[in-house]
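Heads up, the thing below is written out as structure tokens.
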Amino acid sequence: MSLLETRGVTAFYGDFQALYGIDMGVEEGETVAIIGSNGAGKSSFLRALCGLQKTAPDSVRFGGDAIGGLAAHHIVGLGLAMVPEGRRLFPSLSVEENLLVGAYSKRPGPWTLERLYALFPILGERRHNPGTALSGGQQQMVAIGRALMSNPRLLLCDEISLGLAPVVIRDIYAALPGIKAEGTSVLVVEQDVGQAMKVADRLYCFQEGRVSLAGRPGELTREQISLAYFGV
Amino acid sequence: MTEWIDTLMQGILLGGLYSLFATGLALSFGVMRMINIAHGDFAILAAFAAIAVVEPFGLNPFVVLLVVAPLMGLFGYLLQRTILNRTLGKDILPPLLVTFGFSIIIQNLLLVTFSADTRSLNVGELGTASIALGGDLAVGVLPLIIMLAAVAVLGALQWLFSATPLGRAFRAASDDAEAAQLMGIDNRHIYGLAMGIAMAVVAIAGVFLAIRANISPADGPARLLYAFEAVIIGGLGSLWGTLAGGMILGVAQAVGLKADPGWGILAGHLAFLAVLAVRPNGLFARTRDR
């Protein structure tokens, strides 16, 4: 049984249909990447998974249970955590408080403040600063740490490299093995195809709300990806 | 000189009551970004509820307050969960209209039930007791109790907000409601709790008001105005600022009243306008413009 399995996920914004039946899956312990251009439906799909976007109950199964359309605050407790696009730290909370609020659902698991400060030492040094006073890369570490504090079985990362310098992106992705080592599966949405190819066990490409390509990075040719990504 | 010190002291102590009114308002705006137009009317409602129990049974108002405040808290939670949560969204108008409707309903319900006569809560000798401070100066025991209660309430809320998981959830939901949901926070419940606390505090304010002065069913809107002024003077997002705002308003009114009996309330409004002109964000604003 897959950890996450979706069948025909659709999403609408008013009359506009953003997703036209997405079928995909994430196995236990896997890192899966979703690539695609702007407006391909990647973020809408993650929002549907974590409960921020309405979708049919049976279209999303997590750990075997139908979770489609459940409230977002309920889904976190089941072990599916999201690092939202744009980080969305809480400005009136310190770094440490941002992390602690991530543990609000009280899900048991390996992640604690100490464990996170070991993974991202800079956060320990700046724990009392306001979360939004940090650099972009450090804020992204807080956003990832905050999601990990809920001890998820699956971590969703929406465009975590957006707007960051290459060296900072490398630092952030360097934490991925440590996260996987705790048994957490990861689903990343990336516009940066190179980065996605490097970290993912499997890859999905979205185009105009549909899966245009799926496979293992090593088995996909440049032409295939280019066609699936741009449609030309 | 003694007279002026006395005036100043009266004003500061009056500020304790004003800050209790203001706290509930600051809380619902701070957490839900919601302005409760019926805030003052809920205070008067709680006061009349207390009067309805105290008068026939001859109970002590302070004891009744121990029941009325939690009941109003529960009422606030249910009100938020069943009605007010539905009004929240990008548009700020629905909560204003709905609470304005509550204001009218409460005033008229009280009018039907209790008539337009002014009423008050009697605490016996405590109402007039005072502590001599030497010279011609004395401080009323009742205003002092109210001020201490205000400090205790604000201190408790400050602790709740800064040091507890619930307080973090309040602040997170206030910062970014959607991101808060991603942390497992049920915003509808959190908003209910915030309104419950706001209502419990406003019940304390309403009962203290009825102990200190005469009240009538139409007094709510004036109380809302003072509460607004205290919150704005102190600065949004700052609990202790709310206490300072209440004191500044109280002192301004007391000084105005001393100059001329007709000047009291006007002086309060003028002080409010002066602060607004010099520091539009309030004196102790913590939050940034958003």
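All of the numbers you see were taken from the coordinates with simple rules; none came from a lab. The model shown is predicted, which means the values in this text are computed figures rather than measured ones.
A few comments on the model shown:
- Note on region B:129-243: Rg/Rh from C-alpha atoms, Kirkwood Rh, equals 1.07.
- Percent breakdown of C-alpha pair distances by 10 Å bin, ordered from the shortest bin, for the protein assembly as shown: 4, 17, 23, 19, 14, 11, 7, 3, 1, 0
- Nonlocal amide H pairs with A:L213, under 5 Å, H built at 1.01 Å: A:C205
- Within region A:4-230, percent of DSSP bridges classed antiparallel, to nearest 5: 50
- Both numbers refer to the Cα atoms of region A:4-230; Rg and Dmax are 16.9, 49 Å.
- The long axis of helix B:264-278 is offset from the longest Cα principal axis of chain B by roughly 50 degrees.
- Here is how the number arises for chain B: DSSP H runs of 4 or more residues each give -39500 (n - 2.57), the sum is divided by the residue count, and the result at 222 nm is -24500 deg cm²/dmol.
- Isotropically averaged projected area of region A:60-119, using the convex hull of Cα atoms (one quarter of hull area), nm²: 5.2
- Compactness relative to 2.2 N^0.38 Å, alpha carbon Rg of chain B: 0.99
- Angle between chain B longest axis and helix B:220-234 axis [Cα atoms, degrees, rounded to 10]: 80
- In straight-distance terms, cross-link reach from A:K42 covers every one of the lysines whose alpha-carbon lies under 23 Å from its own, apart from those fewer than eight places away in the same chain; here that gives A:K54, A:K180, A:K198.
- Region B:184-290: C-alpha gyration tensor shape, a/c 1.5 cut-off, then a/b vs b/c: oblate
- Percent antiparallel among DSSP beta bridges (both partners in the protein assembly as shown, rounded to 5): 55
- Angle of helix B:61-79 to the longest C-alpha principal axis of chain B, folded into 0 to 90 degrees and rounded to 10: 20°.
- MRE, 222 nm, helices only [DSSP H, n ≥ 4, -39500 (n - 2.57), over chain A, to nearest 500]: -9000 deg cm²/dmol
- Helices meeting the span-like rule in chain A (full DSSP H runs, Cα extent of at least 27 Å along the helix axis, mean Kyte-Doolittle score of 0.0 or higher) are absent.
- Percent of alpha-carbon pairs separated by more than 19 Å within region B:117-183: 61
- Global geometry of region A:119-193, whether rounded, prolate or oblate, following the gyration tensor of its Cα atoms and the 1.5 cut on a/c: oblate
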